[in-house]
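Contents: one structure, followed by commentary.
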Amino acid sequence: MIKENIVNIINKFGFCNIEPGPSIDILGDIKNMKKEKDVIILAHYYQKGEIQDIADYVGDSLALAQIAKNDNSKMILLAGVNFMAETVKILAPEKKVLIPDLNAGCSLADSCPPQKFKEFIDAHPNHTVISYVNTTAEIKTLTDIICTSTNALQIIESLPEDEKIIFAPDKNLGNYIQSISGRDMIIWDGACHVHEEFSLEKILELKKKYPKAKIIAHPECEKPIQIIADHIGSTSSLIKFTIQDKANEFIIATESGIIHQMKKENPYKTFIPAPPKDSTCACNDCEYMKLTSIKKIWATLKYEIPEIVLSNEIIEKAGHPIHRMLKISDELGL
Ligand code: 13P
Ligand code: SF4
């Protein structure tokens, strides 16, 4: 009966809104439940700092997938967005995969609806389909090889030089990879609302104020931002750059959650979020990533819902391109 009520709540809200009582030690309870229930928490770098701090692993999209594939625990709680949790479920189908809020979508994944993408593929026969991991499981079933921002170039370069490629859904990442690789690519017109929001003018103004600062950007940023960037890379690559580079100040053109790890790694360096075009919004925050909270994690661990459920057919079909990506990445030591 209680379980039934909770399922109804999940169906209505997409998350379990049962609050821990005032006497509950939430962090202590989370720690105990992780142990008792044999759960690991995987968190993406865009999660709130306090969530990154309670996670067993914090990583980029590729690392989280790799950990999920090799992990031995009974359950995985993914603190991130739906496409990441779906990828975990596809790689560990025998496990219960939990996500604290089913509303944690992704504007980039939404920019590629399956029916339209299928028509696009049909209109371009004899192309190999490479999709970014930021896609729904259904898009992955239409894909030959998945990539992430860490391995996109290597995945493209693993194909014969004359191979015709469809790349989806991020046009900024696609154009960036095409400009480096010179490959024959048709690129889907999708984008992420967070990364398209950075203002070139305001970043250049900021650079005048901090002339020694290095500008670092995720490849989902628009081309003008990429052109002025000192380094372009995935979330893990950006963090690595802040550790290895001699600069003491960095302007960060990606989601603000990443600054938490940058500060942890470099306590004496300064990190300045790149300003968005609209100064009245909190546009450097991905609102989907920020739906996760410690309280929701507590409720998710306690009641073991919301759970990611995918059909065996989807798991099998979407699994092929993900496993191909992981194999290529393993061979290259990525
Ligand atoms: P990474 O794969 O670089 O972690 O990026 C994920 C993402 O959602 C970027 O917006
Ligand atoms: Fe999706 Fe953009 Fe959020 Fe990344 S930052 S999860 S691409 S909406």
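Read-outs throughout are calculated quantities, based only on the coordinates presented, and are distinct from any laboratory measurement. It should be emphasised that the depicted structure is a prediction, and the values quoted were computed from it without experimental measurement. Positions of Cβ are backbone-derived with ideal geometry, glycine not excepted, and every protein chain shown enters the neighbour counts.
Tabulated values for the structure
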item: Loop-located chymotrypsin sites (Phe, Trp or Tyr not before Pro) in segment 258-290, at most 16 other Cβ atoms within 10 Å (DSSP); result: Tyr268
item: Full-stretch length increase - Glu307, His231 - with 0.36 nm per residue and alpha-carbon distance subtracted; result: 23.6 nm
item: Amide proton proximity set for Ile272, modelled H, under 5 Å, gap of 5+; result: Phe250, Ile251, Ile252
item: Residues whose placed amide H lies under 5 Å from that of Gly190, excluding near-sequence neighbours; result: Lys171
item: Computed magnitude of the charge dipole of the chain (debye, nearest 20; Cβ of K, R +1, Cβ of D, E -1); result: 820
item: Segment 227-289: GluC sites (Glu not before Pro) in DSSP coil with no more than 16 other Cβ atoms inside 10 Å; result: Glu287
item: Gaussian network model of the chain, springs between alpha carbon atoms under 10 Å - residue of Asp230, Asp122, Asp110 with greatest fluctuation; result: Asp122
item: Burial ordering of Ile121, Ile243, fewest other beta-carbon atoms within 10 Å first; result: Ile243, Ile121
item: Alpha-carbon centroids, segment 109-177 and segment 206-250: separation in whole Å; result: 26
item: Shape call, segment 160-205: gyration tensor on alpha carbons, a/c limit 1.5; result: oblate
item: Residues Ile227, Ile146, sorted so that the one with the fewest Cβ neighbours within 10 Å comes first; result: Ile227, Ile146
item: Simple label model, 7 Å out from Cα along Cβ direction - Lys212 to Asp110, nm; result: 4.2
item: Prolate/oblate/rounded label for the chain (Cα gyration tensor, a/c 1.5); result: oblate
item: Computed helical MRE - 222 nm, the chain, DSSP H runs ≥ 4 contributing -39500 (n - 2.57), nearest 500; result: -13000 deg cm²/dmol
item: Theoretical gain in end-to-end length, Glu50 to Glu163 [0.36 nm per residue, Cα-Cα removed]; result: 36.2 nm
item: Cα→Cβ-extended label distance, 7 Å offset, between Glu4 and Lys69, nm; result: 4.2
item: Rounded to 5, the percent of DSSP beta bridges in the chain classed as antiparallel; result: 5
